[in-house]
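Okay, structure first, notes after.
The values are calculated or read from the model by the stated rules, or taken from the named source; none is laboratory data. Worth saying up front: this structure is predicted, and the values here are computed from it rather than measured. As a convention, Cβ positions derive from the backbone with ideal geometry for all residues, glycine included, and neighbour counts pool all protein chains shown.
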Amino acid sequence: MVAGNWKLNGSREGACSLAREVAASVVTGVDVVVCPVSVHLPEVAEVLKGTDVKLGAQNACAHEGGAYTGEVSSTMLAEFGCDYVIIGHSERRTLFGDTNESCAARHQAVMAAGLTSIFCVGETLEDREAGNTAAVVDAQLQAVFDLGGKQALDGAVVAYEPVWAIGTGVTASPEQAQEVHAHIRGFVAKQDQAAAAKLRILYGGSANPGNAAELFSKPDIDGGLIGGAALKSADFLAVCQAAAVQA
Ligand code: 13P
């Protein structure tokens, strides 16, 4: 699986043409997802209609409705054709005050609405240098289990995005990423073995056409969550092709 996180980029027209370019290339054996800005979702959904490319949102409210200014609910996203929602991206956590608990609540709402959460975890450079990578990732995942029970990640997607690799041009080495991905699968297995076995764990953080194949060759790396390289269709499609080779 390869998902493009377009973050806060693009115009109405630009989002539609990027989606059109991605959808024009068939990538067999890989689930391809694009996640535009929420106001672009309805039009991008129209572009993707009848194609194999799936639509995702970048966040969702923990609540169905009510006095939550500025939020969008999972049911609303589903109504506009979303299948996936990115939850707990490090930019939400560091810039917009999301906590392990609020991310878990958002995740639960996404799954309850029948959508698939792409639940992001990852450590800062400071955490890694202090030897705390596993503890940080465990706490992020544990909050999901604490709220939703042992099966809370069943059918979900987890994205490992080391904060120090996001938008920096510094990628985790395939070995560094594999180590954390294997740890994540093991941590989930302690709660739910079946869910862990089928769990798709994506790597994110300066992934691009030059490093994707090597990352995806690792046994616990099941695809990528792509930022910068997802904004150019040729680069994004090259990353998708790298995943197709492994599929
Ligand atoms: P970059 O690929 O730009 O490093 O961003 C990764 C990311 O944050 C995807 O969610």
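May I ask you to list the residues in the stretch 170-193 that are in contact with a Gly (Cβ under 9 Å, 6 or more places away or on another chain) and within 16 Å of the ligand (Cβ to nearest atom)? If the condition is that a residue be in contact with a Gly (Cβ under 9 Å, 6 or more places away or on another chain) and within 16 Å of the ligand (Cβ to nearest atom), then 170, 171, 172, 177, 180 are the ones that fit.
Within the bounds of the stretch 12-28, is there any residue that is among the small types (Gly, Ala, Ser), away from the ligand (no atom under 16 Å from the Cβ), over 22 Å from residue 163 (Cβ atoms) and at pLDDT below 95? Among the residues of the stretch 12-28, at least one is among the small types (Gly, Ala, Ser), away from the ligand (no atom under 16 Å from the Cβ), over 22 Å from residue 163 (Cβ atoms) and at pLDDT below 95, which makes the answer yes.
Residues in the stretch 149-169 that are modelled with pLDDT of 95 or more, among the small types (Gly, Ala, Ser) and touching a Gly at 6+ places or on another chain (Cβ under 7 Å): 159, 165. Taken over the stretch 23-43, residues that are over 14 Å from residue 242 (Cα atoms) and either part of a strand (DSSP E or B) or in contact with a Ser or Thr (Cβ under 6 Å, 6 or more places away or on another chain) (or both) amount to 4. When we screen 152, 238 for residues that are of a type in the set (A, V, I, L, M, F, W, C) and more than 16 Å from the ligand (Cβ to nearest atom), the only hit is 152. Can you name the condition, by its number, that residue 245 falls short on among (1) over 15 Å from the mean Cα position of the chain (by Cα); (2) at pLDDT 95 or above? For residue 245, the failing item is (2).
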